[in-house]
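Below you'll find the structure, written out as structure tokens, and then a few comments.
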Amino acid sequence: MTSRWRPVRALLACALATAGLALAAPGSPAHADPAGVTRTLDWENPADRTVPPPGFYKQSCCGTTSTRIVSDVKRDGGYAARFELNKTDTAVSNGKRSELTQPDTQPANAERWYGFSIYLPASWVYDQSPEIVSQWHQCDQSRCGGGSPPLALKTEKGHWKLDMPLRSQTVDLDAYSTGTWTDWVFHVKWSTGDSGLLEIWRNGVYKFGFTNSRTHADTQGSPYFKFGIYKWDWNSGSTHASDTTQRVMYYDALRLGDQRATFADVDPARSGGGPCNRAQPVVSTSASTYEDVNPPRNAVDGNLSTRWSGYGYGAYMTVDLGTQRTICGAGVAWHRGDVRWNDYTIYTSVDGVTYTKAWEGRSSGTTLQPEVTTFPARSARYVKYAWWNNAEANGWASITEATALSA
């Protein structure tokens, strides 16, 4: 079994995803795919800019209105796929959908990796009615009559949700954020018995998974992948309420891998050019001063109820990332951060000796959650958080969580 990669706690992932980070500028072209990546759809290959691209089918009603390749919104490179679904659209394959789909030709008991990035624009408003944005279907209409997908990623009531009907389970994956790309990696060992596996990462942070369990019900083959928008509450005859009549979504950096692939092979971040919202793992911490009951390691444990506290003007805490990484921002959560501001400076260093100022300013004083600041990307191993003052002028620096961010 491929070991799990958990760079930081899920707590920081939630805060970073809701930070409203800006759309990143186009990055460098993707590197050549390793052998384990069986298909890439980043729309940089001109042959893939047809709809549907080679090897996929289209399930949408309305030509280029429903699905098209665009250049104005993209995660990296020059292109992405845009999906649009309107409540008045004609049903396709027994439902209101705008999707691209693999053929139903996956072998039984397959191990698969899926990496992709989704952009929800500001128009993706709260809706009490859910919609699927990526799904894994057990079989198509021609082979077994279809049915509910054993695994689906959806949005509902402002949150990302994971739907698993075979387990009678829906998992809340935290609030979604509009106006920024969200990277996803799914690792699945498809099994109708007790040898299945599921692992899910969002923006490089492990979010959910299980082992030794059934992952689907079709004994003839493994599920095939579909992506786009499917909203069943808009079907004719539905009595379920919906708060909107249109959905528009963008998709980029899709990579499909087999059992030879790894997380890094399909991770959308491998292309570069993504938003600065990926928390980096911390190897160790240190501080210029601290209370015995509030040591610096408390500020990287994923728990907002613990903290590092140090006394005095210029007190600082430092995190060691273990190796040089390209970072472009930081997240800091403050003790009593909802009732007092803090003045502080962020420094970076490649050797732990010479530090360069990356950012300086004041926290909002309105939240206990990590507040994200970004700065020009640079190579760093050490990140220092130096405190200068707070609204209570009590002489204490108190950070509950701190992290370094990369694209």
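The values are calculated or read from the model by the stated rules, or taken from the named source; none is laboratory data. What you see is a predicted model; the values in this text were computed from it and never measured. So basically every Cβ, Gly included, is an ideal-geometry build from the backbone, and we count neighbours across all protein chains shown. Just the protein is used for accessible areas: all its heavy atoms, side chains included, with ligands, DNA and RNA removed. Shrake-Rupley method; radii C 1.70, N 1.55, O 1.52, S 1.80 Å.
Probing with 1.4 Å while keeping every protein chain in the model, the per residue accessible area of the chain equals 39 Å². Comparing Gly302, Gly352, Gly115 in a Gaussian network model of the chain where C-alpha atoms under 10 Å apart are linked, the largest mean-square fluctuation is found at Gly352.
Here the dipole of the chain is about 240 debye; that uses its Cα centre as origin and unit charges on the Cβ of Lys and Arg (positive) and Asp and Glu (negative).
Classify the range 87-180 from the C-alpha gyration tensor, please: rounded if a/c falls under 1.5, else prolate or oblate depending on whether a/b exceeds b/c.
prolate
The packing ranking, built from the mean of other Cβ atoms within 10 Å per residue, places the peptides 279-286, 46-53, 291-298, 203-210 in the order 203-210, 279-286, 291-298, 46-53, highest first. Sorted into 5 angstrom bins from 0, the C-alpha pair distances of the range 306-407 split as 3, 14, 26, 25, 18, 10, 4, 0 percent.
Dividing the summed helix terms, -39500 (n - 2.57) for each DSSP H run of n ≥ 4, by the number of residues in the chain produces a 222 nm estimate of -1000 deg cm²/dmol to the nearest 500.
As a fraction of the 1.4 Å probe accessible area of the range 240-298, surface on carbon and sulfur atoms comes out at 44 percent.
Remark: relative contact order (the range 24-118) = 29 percent; criterion is Cα-Cα distance under 8 angstrom and separation of 6 or more residues. How large is log10 I(q)/I(0) at q = 0.11, 0.18 Å⁻¹ when the Debye formula is applied to the Cα atoms of the range 185-324, each weighted equally and without solvent? One equal scatterer on each Cα of the range 185-324 leads to -0.74, -1.15. Each Cα pair under 8 Å and six or more residues apart adds its sequence gap; the mean of these over the residue count of the range 222-350 is a relative contact order of 17 percent.
Net charge in the neighbourhood of Val73 (other residues with Cβ under 11 Å of its Cβ; Lys, Arg +1, Asp, Glu -1) is +1.
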